[in-house]
Amino acid sequence: MTAVLSDLRILEFAAIGPVPWCGMVLADLGASVIRIERPASGAERDTLGAVRRGRTLVELDLKSAEGREAALQLVGRADILLEGLRPGVMERLGLGPQDCMARNPRLVYGRMTGWGQTGPLAQQAGHDINYIALSGALHAIGTADKPVPPLNLVGDFGGGGAFLAIGVLAAAWQARACGRGQVVDAAMVDGSAVLMAMVFSRMVMGQWADRRASNALDGGVPWYDTYRTRDGQFVAVGALEPQFYDELLQRLGLAGQLPDRQDPAHWPEIRRRFEEAFGSRTRQAWAQHFAASDACVTPVLSLAEAMAHPHMQARGVFMPWQAGQVPAAAPVFDGVRPPATAPARQSSMADALERWSLGGVRPTCAPAVNSPIVPET
């Protein structure tokens, strides 16, 4: 199967967080990604681990004239550029959109920041937690007592890297049609706000309370929450629809014993009964009890346990990496998961230019293949 992005050339400038994650996703899908790194940047590389996979790595000193010219040679052969520096830094290096698009008018110039290229906060420092705080996302996540950071999934990767990937692919599609590239300004405040579109919409319609732990999807209702089991582990309950809720009560032996869930005044009593029920058995016992059920109850697995779960193994969700496993590429195309991406490999500038030879022939599409998902070995 030919990788879906096998004819796409992406130049990635080293950055933290969402840019390398975006580069990984695009490389996983078959894009040819050359990543420019600073010389002797070993500490940064160590923190990225498998997120650097699938790249050709070139070390360049972008503060030197020779390094900038080498970068511009690659720019001239790229379809997409990815950078994640503070607004104005690439311009000061002589590698801003104007410089690069003068060399390559078809270039899609992808810019990733927290606050965006414009606005009063554009030059201010920040991290994922700050960006999702301003977009309202953090306020909606956590307990009734305080917001809880959802790792860096909502800002860095969901609101950042994912929207950067969507943006540059959309712009590249247009560039192939019209012959002109453009600048994609991807900001985590923008993306994380878009991720909250359904919540904002429901609030406007009077269907969402602007308080944590007060709504159907934020732990406010007892049938969409986590519960501690007898062994100190947890199960997740997501029985939103009436038929799933009815099955949940049947499986818990609580059918006909609980008050009407439509009245919020009854929620504390329902939650108390759920806590008592789930606290009576171990997590594994509940996993087995609900295994063939539509009650929407699953064990809350640790990272190590997730890799070993039969469903995750059957789909090949994880792949071997060094001494352990890391998530494989996603999504699946025509029933086939993209193959395991090779580790990043160091390259000379000459080899990188040869890899992107101006006269090179790019891959063509192969016939569609319909085959079952097979995990990588």
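Please give the Cα centre distance for segment 222-243 versus segment 74-107, rounded to the nearest Å. Answer, in whole Å: 49. Here segment 112-143 and segment 255-331 have alpha carbon centers that stand 31 Å from each other. Between residue 151 and residue 123, the contour length at 0.36 nm per residue exceeds the Cα-Cα span by 7.7 nm. Can you tell which of 80, 137, 293 lies farthest toward the positive end of the dipole of the chain, using +1 and -1 charges on the Cβ of basic and acidic side chains (Lys, Arg; Asp, Glu)? It is 80.
For the pair residue 73 and residue 176 in one chain, pulling the backbone fully straight at 0.36 nm per residue adds 35.0 nm over the alpha carbon distance. At the listed q of 0.19, 0.24 Å⁻¹, the Debye profile of segment 244-355, built from one uniform point per Cα, gives log10 I(q)/I(0) equal to -1.04, -1.30. The packing ranking, built from the mean of other Cβ atoms within 10 Å per residue, places the peptides 105-118, 233-246 in the order 105-118, 233-246, highest first.
Counting helices only, and only those DSSP H runs with n ≥ 4, report the 222 nm mean residue ellipticity of the chain as the sum of -39,500 (n - 2.57) divided by its residues, in deg cm²/dmol to the nearest 500.
-9500 deg cm²/dmol
Each Cα pair under 8 Å and six or more residues apart adds its separation to the average, and for segment 82-125 the resulting relative contact order is 48 percent. As a proxy for reagent exposure, ranking 296, 22 by other Cβ atoms within 10 Å from fewest up yields 296, 22. Residues considered: 295, 31, 285. Largest GNM mean-square fluctuation over the chain, using C-alpha springs under 10 Å, is found at 285.
Multiplying the sequence separation of residue 355 and residue 209 by 0.36 nm and subtracting their Cα-Cα distance, what value in nm do you get?
The span from residue 355 to residue 209 would gain 47.1 nm if fully extended.
Overall form of segment 113-241: prolate. Here a/c, set by the Cα gyration tensor axes a ≥ b ≥ c, is 1.5 or more, and a/b is the larger of a/b and b/c. Calculated FRET efficiency, residue 99 to residue 326, Cβ-Cβ distance, R0 = 41 Å: about 0.70 to the nearest 0.05. Counting every Cα pair in segment 224-300, what percent are over 15 Å apart? That tail contains 52 percent of the Cα-Cα pairs. For 223, 356, the sequence from fewest to most other C-beta atoms within 10 Å is 356, 223.
Taking a spot 7 Å from the Cα of residue 266 along the direction of its beta carbon, which residues of segment 237-254 have an amide N less than 19 Å from it? It comes to 238-254, nothing else.
Averaged across orientations, what area in nm² does the convex hull of the alpha carbons in the chain project?
Details: hull surface 89.3 nm².
Computed as one quarter of the Cα hull surface, the answer is 22.3 nm².
FYI, it's all coordinate maths here, none of it is from the lab. What you see is a predicted model; the values in this text were computed from it and never measured. Neighbour counts are summed over all protein chains in view; Cβ atoms, including those assigned to glycine, are modelled from backbone coordinates with ideal geometry.
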